[in-house]
Amino acid sequence: MTTLLGLDLRARRVLLAGGGPVAARRAAALLGDGADLRVVAPQLCEDLAELAAAGGVEWCARRVREDDLDDVWLVHAATGDRAVDAALARWSADRHLWCVVASAVEVGTARTPASAVVGDVRLGVVSEGAPDPGRTRAVSTALAAVLREGRVDLRRQRPGRGRVVLVGGGPGDPDLLTLRGRRALAEADVVVTDRLGPAAVLGELAPGVEVVPVGKAPGHHPVPQEEINQILVERAARGQVVVRLKGGDPFVYGRGGEEVSACRAAGVDVEVVPGVSSALAAPAAAGIPLTHRGTTAALHVVNGHDGLDAAAATALRDRTATVVVLMGVESLPRLVAHALRDGADPDLPVAIVERATTATQRVTRARLDGIVAVASTVGVRAPAVVVLGDVAAPGLLDPPPGAAEAGER
């Protein structure tokens with residue numbers, strides 16, 4: 001029968017006998033746990049020598065002795081010599097010390113579990129009965145993947161310090177939400193969500209998770225940004241874990257910087273989980289490379305509400321960069337007029353990608369001088385991303401004539 005325990009080794013002396021690769025791996029883990037580590041070995045492998053040189057390790061350059069067990073809490077025997085490791089196990093038993101023997105687990109009185117850390121949860125797996133390290137590693141890896149994917153309710157069951165996590169939800173398809181973002185949702189007591197982003201994941205939240213919608217639409221901001229900031233701060237002050245779920249990336253026209261500043265000003269812990277920006281994802285989903293050798297080597301991203309800046313207007317006139325416009329549907333006539341007035345070619349290719357990465361994605365293409373009329377005719381609606389530049393030309397990625405025949409020869 002094996003009992004699984006969590007040991008607090010912070011600032012407690014641990015003896016590690018051995019200087020090889022196995023000892024190096026154990027040393028790294030023990031130092032990560034905050035142990036006061038004593039290593040006894042005539043020589044150290046390169047990795048362990050680097051750890052010793054970095055500090056935090058007391059190295060005794062000799063063979064291990066029984067008195068090395070004085071004032072220690074735990075013993076790791078990893079000398080590679082079964083007789084020496086067995087002696088360490090006996091000395092430990094005489095002193096009522098737990099001892100892990102790397103070369104023969106059954107000889108020691110303790111086992112090192114196959115472990116993984118997911119957020120603030122540490123997972124440990126050991127075999128019941130005869131040791132089976134390969135199986136425990138496989139089980140630990142599989143269980144850790146389940147936790148990382150957010151498929152387990154990870155909410156705290158006891159009160160703790162509140163915090164805010166800004167999660168970039170990506171362009172819309174839940175599959176493009178990062179694993180870290182999914183885990184944050186699994187830890188959340190409250191989710192403050194935008195109108196855009198992967199709304200489908202809200203249906204996967206555990207029962208009891210509160211959802212606070214604060215989404216904005218063009219010309220309609222029912223919850224002002226200052227009030228959103230206040231919601232985040234107040235909920236965290238109650239000790240809740242608050243996820244601010246945003247479309248795209250929090251720091252790409254997502255006002256994430258303002259929310260981080262508000263949290264820090266109030267003394268609230270805040271974390272940012274990057275997301276796949278629609279500025280990059282929408283063109284990719286439509287088969288449009290934002291940079292393409294021989295066509296365009298630079299990229300310029302603008303906010304449609306602010307219009308084209310001087311650099312974007314120059315890039316369109318000289319065809320030196322791709323210009324991507326976020327939130328540009330409403331301002332499209334003004335943007336096009338600006339570009340043409342500043343000398344952009346009327347035949348410059350333009351593509352509009354609506355509802356990118358979702359089942360209802362649609363791509364509308366036209367020349368610069370015709371895109372407004374075409375968009376009006378087909379009824380382009382937000383959310384959409386506008387791509388202006390030669391990379392938006394249809395057929396850009398088609399193979400040149402005769403390429404297939406040339407490859408077959």
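The values are calculated or read from the model by the stated rules, or taken from the named source; none is laboratory data. This structure is a prediction, so every number in the text was calculated from the model and none was measured. Virtual Cβ from ideal backbone geometry, glycine too; neighbours counted across all protein chains shown.
Descriptive notes on the structure:
- Among (1) among the β-branched types (Val, Ile, Thr); (2) modelled with pLDDT under 90; (3) closer than 30 Å to Gly203 by Cβ - the single one Val165 does not satisfy: (2)
- Pairs linking a residue in region 25-38 that is farther than 15 Å from Arg10 by Cβ to a residue that is among the basic types (Lys, Arg), with Cβ atoms under 7 Å and 6 or more positions apart or on different chains, are Arg38/Arg13.
- Put simply, of Leu7, Leu97 the only residue that is in contact (Cβ under 8 Å) with a residue 60 or more places away in the chain, surrounded by fewer than 22 Cβ atoms within 10 Å (Cβ to Cβ) and out of contact with any His (no Cβ under 6 Å at 6 or more places or on another chain) is Leu7.
- So Leu154, is it over 14 Å from the mean Cα position of the chain (by Cα) and assigned to a loop (DSSP other than H, G, I, E, B): yes
- Residues that are over 29 Å from the mean Cα position of the chain (by Cα) and under 25 Å from Leu176 (Cβ atoms), drawn from region 331-362: Val350, Ala351
- Apart from one condition, Thr79 fits all of (1) within 25 Å of Gly129 (Cα to Cα); (2) not in a loop (DSSP other than H, G, I, E, B); the exception is (2).
Okay, residues lined up against (1) surrounded by fewer than 16 Cβ atoms within 10 Å (Cβ to Cβ); (2) under 16 Å from Val243 (Cβ atoms):
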position	(1), (2)
Gly134	yes, no
Arg137	yes, no
Pro159	yes, no
Gly168	no, yes
Thr178	no, yes
Gly208	yes, yes
Val211	yes, yes
Glu227	yes, no
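- A residue that is at pLDDT 95 or above and touching a Lys or Arg at 6+ places or on another chain (Cβ under 8 Å) occurs nowhere in region 394-405.
- Where Pro383 falls short, out of the listed (1) closer than 19 Å to Asn303 by Cα; (2) at pLDDT 95 or above; (3) in contact with a Ser or Thr (Cβ under 9 Å, 6 or more places away or on another chain): (2)
So that you can scan it fast, the table gives a plain yes or no per residue for (1) loosely packed, with under 13 Cβ neighbours inside 10 Å; (2) part of a strand (DSSP E or B); (3) in contact with a Phe, Trp or Tyr (Cβ under 9 Å, 6 or more places away or on another chain):
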| site | (1), (2), (3) |
| --- | --- |
| Ala27 | no, no, no |
| Leu31 | no, no, no |
| Leu44 | no, no, yes |
| Gly55 | yes, no, no |
| Arg62 | yes, no, no |
| Val75 | no, yes, yes |
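- Leading residue by the ranking (surrounded by the most Cβ atoms within 10 Å (Cβ to Cβ)) among those in region 342-374 that are in contact (Cβ under 8 Å) with a residue 40 or more places away in the chain and farther than 14 Å from Asp390 by Cβ: Val353
- Hey, Trp91 touching a helix residue (DSSP H, G or I) at 6+ places or on another chain (Cβ under 7 Å), assigned to a strand (DSSP E or B), over 17 Å from Leu9 (Cβ atoms) and of a type outside the set (Gly, Ala, Ser) or not: no
- Hits in region 185-223 - residues which are of a type in the set (Val, Ile, Thr) and either touching a strand residue (DSSP E or B) at 6+ places or on another chain (Cβ under 6 Å) or modelled with pLDDT of 90 or more (or both): Val190, Val191, Val192, Thr193, Val201, Val209, Val211, Val212, Val214
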